[in-house]
Amino acid sequence: MVTRVSIRFRRAEVADRLKAEAGARNVSTSALAGELIEEGPRLRRHPMIAFRDGASGRRAGLIGGPDVWEVVGGLVGGDVPPEDRIGRAAEHFGLSRQQIDAVLDYYADFTTEIDEEIADNVAAADELVAAWRRGGGAKAF
């Protein structure tokens, strides 16, 4: 469902910057404003998280670190005993306990979204492995 909202800016240059950025990204001003409004409260609630563009679209990541889905995927999967997962993930990704906690806090608020990103990336990896095997890649070993 689409909801229309009228926004008034106190300074005209804010609207001008928004329009210029939308043009540079080749999206509508409304689409960019919606994206920024969606992300703004998340950034305030989770100050160690940033949003970045990539082949799979916009996604949350630690500032200066990996994507949230990558860290969560390392924490929830695999054969590492649950009591060792945080330490192993911190070691593997080179993260502090504070950064791991920031990821887990974000994940608690946006579990479904992060779980979907993990599933999408697992599916993409599975497709690449299958294509590699069909192309005879497995015979090289």
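Whenever a residue of segment 42-66 is closer than 17 Å to PHE93 by Cβ, its partners that are among the basic types (Lys, Arg) and part of a loop (DSSP other than H, G, I, E, B), lying with C-beta atoms within less than 9 angstrom and at least six residues away or across chains, give the pairs ARG52/ARG58. For segment 85-112, the set of residues classified as more than 13 Å from GLY74 (Cβ to Cβ) and either touching a strand residue (DSSP E or B) at 6+ places or on another chain (Cβ under 8 Å) or among the small types (Gly, Ala, Ser) (or both) consists of SER96, ALA102, TYR106, ALA108, PHE110, listed by residue number.
Got a sec? Which of GLU70, GLU13, GLU21 is closer than 24 Å to THR111 by Cα and in a helix (DSSP H, G or I)?
Values: GLU13 fails: closer than 24 Å to THR111 by Cα; GLU21 fails: closer than 24 Å to THR111 by Cα.
Unique residue meeting the criteria: GLU70.
Residues checked against (1) within 19 Å of ARG58 (Cα to Cα); (2) at pLDDT below 90; (3) outside any helix (DSSP H, G or I); (4) among the hydroxyl-bearing types (Ser, Thr, Tyr):
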residue: GLY87; (1), (2), (3), (4): no, yes, no, no
residue: LEU95; (1), (2), (3), (4): no, no, yes, no
residue: ALA102; (1), (2), (3), (4): yes, no, no, no
residue: TYR106; (1), (2), (3), (4): yes, no, no, yes
residue: ASN121; (1), (2), (3), (4): yes, yes, no, no
residue: ALA124; (1), (2), (3), (4): yes, yes, no, no
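Do we find a residue being part of a helix (DSSP H, G or I) and of a type in the set (A, V, I, L, M) anywhere in segment 44-64? Within segment 44-64 (the criterion being part of a helix (DSSP H, G or I) and of a type in the set (A, V, I, L, M)), the answer is no, since none of the residues qualifies.
The values are calculated or read from the model by the stated rules, or taken from the named source; none is laboratory data. Note that the structure is predicted; figures quoted are calculated from it, not measured. Cβ: placed from backbone, ideal geometry, glycine included. Neighbour counts: every protein chain shown.
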